[in-house]
Amino acid sequence: GVASRAERWQAPELVLPRPGATVASALASLRESRAALLDVLRGADGLDLSAVKATHARLGELDAYQWALFIAQHEARHTAQLAEMAGDREGSAA
């Protein structure tokens, strides 16, 4: 259900864009964090990560597999959000 945009979620202040952030800096940060995540996942290949857990503010305790799925669905949610915004922009320009 994370990827669904039927329910609006408010991001905690910790992850909101910083004042002065640019699209370029945001994309660079996303690339860096994705590369770091992929490195960790590759390094953990063959290990049982079900006992590696951390708490998500909204979803509660998640294991490493659930976190990986959450991240994928979270990015899908933002992709849909951006597509919606681009569509609105195209519609208002016509």
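Which of the residues that make up the stretch 48-81 are closer than 11 Å to Val2 by Cβ, open to solvent by 50 Å² or more (accessible area, probe 1.4 Å) and outside any helix (DSSP H, G or I)?
Of everything in the stretch 48-81, those that are closer than 11 Å to Val2 by Cβ, open to solvent by 50 Å² or more (accessible area, probe 1.4 Å) and outside any helix (DSSP H, G or I) turn out to be Arg58, Leu59.
Test Ser4 against the criterion of being open to solvent by less than 70 Å² (accessible area, probe 1.4 Å) and either in contact with a Gly (Cβ under 9 Å, 6 or more places away or on another chain) or at pLDDT 90 or above (or both), and give yes or no.
no
Of the residues in the stretch 37-47, how many are more than 14 Å from the chain's Cα centre (by Cα) and surrounded by 10 or more Cβ atoms within 10 Å (Cβ to Cβ)?
5
The values are calculated or read from the model by the stated rules, or taken from the named source; none is laboratory data. Computed from a predicted structure; not experimentally measured. Every residue, glycine as well, gets a Cβ built from its backbone with ideal geometry; the counts of neighbours run over all protein chains shown. Side chains included, ligands, DNA and RNA excluded: accessible areas come from the protein's heavy atoms. Shrake-Rupley method; radii C 1.70, N 1.55, O 1.52, S 1.80 Å.
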